Structure formats: C-alpha cells, structure tokens
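The structure appears right after this line, and notes come after that.
Since every read-out is calculated from the coordinates, none of them should be taken as a lab result. Remember, predicted model here, so these are calculated numbers, not experimental data. Because the Cβ atoms are built from the backbone with ideal geometry, glycine has one as well, and the counts that use them run over all protein chains shown.
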C-alpha cells in the first residue's frame, strides 16, 4: 500500500516472492497432516492461562486487541519477537523478552484466548493499513490481517485447499484476491473455526514470555485519575498536532523518535520496524498501570497504557490503547490515512 511498487497481478510471479510472512513452503508441507490428523480434543478451559490474568481478563483483552487490528503495524515477516508453534527454535527467556508491536505481541502472548476473536474477524472487510514490511499487492483488510496473525500463531494455511490450488504455485494475488470473491471469506472463516474445534490444543502461550513477574504494580492510577485521563484522551483525534495533543494529555512517560534528541528514553521501541514506510517518526506512551520498569520490556498482558503516534508532518496518526476505559483511534479510510501521514487528500504521497 505505502510503496511505489507495481501492484498489478502481472507483477507477481508463481515463485511466491514476498511470501516470507506466511512461511508458505513450510506450512504447505504440514497443512494436510494437520487438517486430517485426529488430534486430542481438549476443553478450552484447559488451555494455558497467561500469568497474572483470569480467563475473563484474557478474553476481554483479546477482544480489545482484535477490535484494533488496524493498529497492528508489524507481522512476523518484519519481526520475530516471540517463539511460536511455527518457529519453536526461537527461545527467549524473560530477561530477553521485549515488545515490538503491542497488538501483535499481545494477541500472540494470549495464546488460545485470542483465537476466537481473530476467527470472528476473518470476514471483516474494514480497510486497514498494510502491516507488511514489503507490501506487494493492494491493500489488505482487517480479515486478511487476522488471518496473518492466526497462521503465525499456529493455525495451518487452509486457503490453498479451499481454492483447490497447489500452494507452492500460488501467487500473492491468490491470497488476497480469492477471499474477495463471492462468499469465500465466510468459507475460510468456517474452515478455520472447524479446524480450531478439532485442535483446541493449538496456539498456546509461547515459551519464554511467562517468566518471573512482579507481584505488585509499581504505578497505578487512582479511580479519579483514570476518569480524568479518560476525559483528556477522549479529546484526541487523528490529524491533531503534537502541541495540541500534549496540551490535552500532558507529558508522556516515554518518547520514541527518529530524532534521538527528541527521545525521553533510549531504545523503548514504540515505533517498530515499519514506521518509515508509514511516515511515522514519533510515538509517546502514557501508563495507567505499570508492572515493569523498562518500557521496552513492558508487559502487554498486565501493563495498561496508551501509545500516541505522529507522522513526519507533525500530525497525530493513531492511538493504541489496552485500557478498556480509553478507546483507541485510527484513520477509518485510506484517504484519511494519507491525509494524516503526508497531508495528502488524493491517496498519493
């Protein structure tokens, strides 16, 4: 989406170039076995529960993240922050654990608890910014991003079977065009849901993210402070200037900027790998509840915070929030996105 590459179908060949995110060849080799294996059914309640959360809290947090998939900026073709069923060789201990994308990492760390809401989103055709580092075809919608996360979490790629094609011969077009035809999105959703019901042991909490954690928060807003914060953040809208935002919500707890002199803290990784493609060069974090001292190693399951993002034009682009009382915000259309990113109104940089 945010590149000048040729996005026409003719520009994509059957070699599957650019499909590193899906790790297609690996998935193709195991998809049939997974689809037709009997599996050992388990009750959903027997799934590993993320540390520090009840089942209700894990489900509520998953639903909150699924509602802001347009705030997901990096999928695993750009980063690998967590070990997963698709990449078990990656093992990070608690000391090495850090967050690169708050929506993605939360959905992965929630294990099985985020699968139902992601499956529900497979038929969502709302526009969303492209989370791939090297976009090749068109503009994915929310349902496409939900599918990216599900396959990263361990759900096999069922689309080639549904499309009756050899996945090694499929082009990028097939993964993004096929779901737009007829009721194909619904077919994909039904297939993934059926597979999940047969394999509920899939997609558990990754190793290395559930180590030692403090038993008490080091910061927590009072009820009155949270109510005040809720009112202040409710005033924010994409397109507001940095000065307008800071005037409303005050000084942040941390700043990540492409300008090192603008940073409040070094290496806190709020912007992520794909920020240059998005023309985002500044992000500010505000904590409502905090369990960790290091912002880079923030705990997306227990810390509660808001992250505001700004473009190089000085406009607020979007707002991430895992605080239930403070709803997130992001552009609703591609034209609005280009407007806050580059000040353009015609869909062009």
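Let me know the shape class of region 125-186, please: from the alpha-carbon gyration tensor, a ≥ b ≥ c as square roots of the eigenvalues, rounded when a/c is under 1.5, otherwise prolate if a/b is greater than b/c, or oblate. It is rounded, given that a/c, with a ≥ b ≥ c, falls under 1.5. Listed from fewest to most Cβ neighbours within 10 Å, the set 104, 147 follows the order 147, 104. Taking the number of Cβ atoms within 10 Å of each Cβ as an exposure proxy, the fewest-first ranking of 282, 232 is 232, 282.
Send over the Kirkwood Rh of region 219-342, from the inverse of the averaged 1/r over different Cα pairs, rounded to one decimal Å. Working shown, then result.
Numbers: mean 1/r = 0.0680 Å⁻¹.
14.7 Å is the Kirkwood radius here.
This ranking places 275, 222 by how few other beta-carbon atoms lie within 10 Å of each, fewest first, which gives 222, 275.
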